[in-house]
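Worksheet: one structure, shown below.
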Amino acid sequence: MLLRSAASTHVGMRRTANEDRYAIVPELGLFLVADGMGGHKAGQVASQLAAEAAIRAIEALQGASVSLAERLRHAVACANREIFTAAQSRPDLQGMGTTFVGMLFGGDRLALAHVGDSRAYLLRRGRLRGLTDDHSIVAELLRRHEISEADAREHPHRHVLTRALGVKPRTEPDLAEMTPQEGDVLALCSDGLTTHVSDEQIAERLMDDDDLESAAAGLVEAANHAGGLDNITVLLVRYEKED
């Protein structure tokens, strides 16, 4: 198994600080994106704590007889606890939280964990498929068919999350496992991308550009060109078989 990866992040056109964080840790098979939220600098703290805590948790389970999905569940629990504890101990950090979407590769399998509205996609044989469902008020309304896609794009609460790391003492991630195939491209991104760039545009960019660094940078550029209202992060991983 050979994993090629690249990432691009940008503050966007309207923000003054980048509260997104990503981590690429190929020796652990771990890749993640976190999009922080909170008061002055608190979002940056939350996303950074999430990334660091998740890496430590996965490192601690090296060699243990634990499934990939359970490793990620443990990583999310550790990250949530660290953020929540920090927010309770410092008034300037109260209310902070972060989204989390992470992948863990091992052997011929892949696990995915997700909290919030950052997303994971799979491009396989020219077809893009979403692997996550947003944990947001608008996403819930869409799933219940109470609003249309057009309504969702303009909804005043479209960025209000129903689940995030660090907001409560405990949170439960959505978990999944799958078997990747040669040539699969997996994309993790914050909502700064998906607010402006459609799934069709993401698929087109990934199919047209084999260079992962160029593709990630191109997606960020497209989001900025369309308005760049938020921080934008894109992390891409291609699964290849070794010669």
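Numbers at a glance
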quantity: Condition broken by Ala113, with the remaining ones in (1) crowded, with 20+ Cβ neighbours inside 10 Å; (2) touching a helix residue (DSSP H, G or I) at 6+ places or on another chain (Cβ under 9 Å); (3) over 27 Å from Gly63 (Cβ atoms) satisfied; calculated: (3)
quantity: Every residue from the stretch 19-42 that is farther than 16 Å from Val101 by Cβ and either of a type in the set (Val, Ile, Thr) or crowded, with 19+ Cβ neighbours inside 10 Å (or both); calculated: Gly38, Ala42
quantity: Leu236 being within 24 Å of His135 (Cβ to Cβ) and buried (at least 20 other Cβ atoms within 10 Å of the Cβ); calculated: yes
quantity: Of all residues making up the stretch 116-132, the number that are open to solvent by 10 Å² or more (accessible area, probe 1.4 Å), over 16 Å from Thr233 (Cα atoms) and in a strand (DSSP E or B); calculated: 6
quantity: Some residue of the stretch 75-85 being among the acidic types (Asp, Glu) and over 18 Å from His114 (Cβ atoms); calculated: yes
quantity: Which listed residue is aliphatic (A, V, I, L, M) and farther than 18 Å from His114 by Cα, from Leu165, Leu161, Leu212; calculated: Leu212
quantity: Some residue of the stretch 208-231 being under 24 Å from Leu93 (Cα atoms), touching an Asp or Glu at 6+ places or on another chain (Cβ under 9 Å) and in a strand (DSSP E or B); calculated: no
quantity: Any hit, the stretch 209-229, residues being open to solvent by less than 10 Å² (accessible area, probe 1.4 Å), on the phi < 0 side of the Ramachandran plot and touching a Gly at 6+ places or on another chain (Cβ under 7 Å); calculated: yes
quantity: Lone qualifier among Ser148, Ser198 - being among the polar types (S, T, N, Q) and under 18 Å from the mean Cα position of the chain (by Cα); calculated: Ser198
quantity: Residue list for the stretch 9-45, filter: of a type in the set (Ser, Thr, Tyr) and assigned to a loop (DSSP other than H, G, I, E, B); calculated: Thr16
quantity: Identity of the residue in the stretch 1-18, over 15 Å from the mean Cα position of the chain (by Cα) and under 27 Å from Thr179 (Cα atoms), that ends up least open to solvent (accessible area, probe 1.4 Å); calculated: Leu3
quantity: Residue pairs meeting the criteria (Cβ under 6 Å; at least 6 apart or on separate chains; first closer than 15 Å to Phe31 by Cβ and modelled with pLDDT of 95 or more, in the stretch 41-61; second of a type in the set (A, V, I, L, M) and part of a helix (DSSP H, G or I)); calculated: Ala50/Ala79; Ala54/Ala75; Ala54/Ala79; Ala57/Ala75; Ile58/Ala75
quantity: Total residues in the stretch 137-152, condition assigned to a helix (DSSP H, G or I), in contact with a helix residue (DSSP H, G or I) (Cβ under 9 Å, 6 or more places away or on another chain) and surrounded by 13 or more Cβ atoms within 10 Å (Cβ to Cβ); calculated: 6
quantity: Lone qualifier among Arg205, Arg163 - being open to solvent by 40 Å² or more (accessible area, probe 1.4 Å) and part of a loop (DSSP other than H, G, I, E, B); calculated: Arg163
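Let's see how each residue does on (1) open to solvent by less than 60 Å² (accessible area, probe 1.4 Å); (2) hydroxyl-bearing (Ser, Thr, Tyr):
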| position | (1), (2) |
| --- | --- |
| Ala53 | yes, no |
| Ala69 | yes, no |
| His74 | no, no |
| Asn80 | yes, no |
| Phe84 | yes, no |
| Ser89 | no, yes |
| Met96 | yes, no |
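The values are calculated or read from the model by the stated rules, or taken from the named source; none is laboratory data. Quantities reported herein were computed from a predicted structural model and do not represent experimental measurements. All Cβ positions, even for glycine, are placed from backbone atoms using ideal geometry, and neighbour counts span all protein chains on display. In case anyone asks, the SASA skips ligands and DNA or RNA and just uses the protein heavy atoms, side chains included. Shrake-Rupley method; radii C 1.70, N 1.55, O 1.52, S 1.80 Å.
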